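Colleague: Submitted below is the structure of interest, expressed as structure tokens.
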Amino acid sequence: MRIAVASQNFRTVTPHAGKTRRFLIFEVPVGGPAQEVGRLDLPKELSIHEFRGEGPHPLDGVEAVIAASAGEGFVRRMAARGLLAVATAESDPARAAAGLAAGRLAPAGAHDHAEEDGEGCGCAG
């Protein structure tokens, strides 16, 4: 299974999947460990929040996207592209990818819904 994990710092699972521009890409074989196979460092216009194109997107090459939080809009847009989008409380990207592949990913916990711009995070929580 090929999985993208939102990670603005390339070290931990980060929130707000729609605005994330950096992802770690993992390949997780059945019953095996997660192996990092790539990284995406997208320009702002390719964040899902900004992307309005009908064409291909760099995330199209994965089966699932994991973040610490993901709003309903992000989940819908990923589903429309055939991708599973999930939020997790797991902070380690490799453990998150392995957990999803094994069907035992820790669900996301509560987070601060306030954004600096005052508009809120846009999640459903």
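Colleague: Could you please let me know if Arg77 is in contact with a strand residue (DSSP E or B) (Cβ under 7 Å, 6 or more places away or on another chain) and either within 16 Å of Ala6 (Cα to Cα) or touching a residue at least 40 places away in the same chain (Cβ under 8 Å) (or both)?
Modeller: On the way: in contact with a strand residue (DSSP E or B) (Cβ under 7 Å, 6 or more places away or on another chain): no; either within 16 Å of Ala6 (Cα to Cα) or touching a residue at least 40 places away in the same chain (Cβ under 8 Å) (or both): yes.
Spelling it out, it is not the case that Arg77 is in contact with a strand residue (DSSP E or B) (Cβ under 7 Å, 6 or more places away or on another chain) and either within 16 Å of Ala6 (Cα to Cα) or touching a residue at least 40 places away in the same chain (Cβ under 8 Å) (or both).
Rundown of residues vs (1) farther than 18 Å from Leu100 by Cβ; (2) of a type outside the set (Phe, Trp, Tyr); (3) touching a strand residue (DSSP E or B) at 6+ places or on another chain (Cβ under 9 Å); (4) modelled with pLDDT of 95 or more, yes/no style:
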residue: Val5; (1), (2), (3), (4): no, yes, yes, yes
residue: Val13; (1), (2), (3), (4): no, yes, yes, yes
residue: Gly18; (1), (2), (3), (4): yes, yes, yes, no
residue: Arg22; (1), (2), (3), (4): yes, yes, yes, yes
residue: Phe26; (1), (2), (3), (4): no, no, yes, yes
residue: Gln35; (1), (2), (3), (4): no, yes, yes, yes
residue: Phe51; (1), (2), (3), (4): yes, no, no, no
residue: Pro56; (1), (2), (3), (4): yes, yes, no, no
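Colleague: Which one of Glu90, Glu63, Glu72 is at pLDDT 90 or above and under 15 Å from Thr14 (Cβ atoms)?
Modeller: After ruling out the rest, the residue left standing is Glu90.
The values are calculated or read from the model by the stated rules, or taken from the named source; none is laboratory data. Quick caveat, the model's predicted, so the values are computed rather than measured. Virtual Cβ from ideal backbone geometry, glycine too; neighbours counted across all protein chains shown.
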